[in-house]
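For reference, the structure is listed below as structure tokens.
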Amino acid sequence: MKILVNGAWRDTGAADLATALKELGYADSVVATAVNGEFVRRASRPSARLAMAIAWKYWAPMQGG
């Protein structure tokens, strides 16, 4: 299926956000995630189901203020 990740279309066979992150090489990274504008906690990623053309984002944390 195709999903929109940080503005770029990607092909994935993943059914959930945790698996998609693993496919993209971010499984062990500290990132924040959102699916269709809704924040998804790390613990909820395995149950966050993906659908065709879903939009999701990830961000690396920043320090500073």
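Where a number appears in this text, it was derived from the coordinates with a stated rule and is not lab data. Predicted model only: the values in this text are computed from it and were never measured. Quick reminder, even Gly has a Cβ in these numbers, built from the backbone with ideal geometry, and neighbours come from all protein chains shown.
If packing is taken as the mean number of other Cβ atoms within 10 Å per residue, what is the order of 5-12, 34-41, highest first?
Highest to lowest by the protection proxy: 34-41, 5-12.
Separation between the Glu23 and Trp9 pseudo-spin-labels, each 7 Å from Cα along Cα→Cβ, expressed in nm?
The modelled label-to-label distance comes out at 1.5 nm.
How much length is gained on full extension from Ser47 to Met1, taking 0.36 nm per residue of separation minus their Cα-Cα distance?
Length gained, Ser47 through Met1: 14.8 nm.
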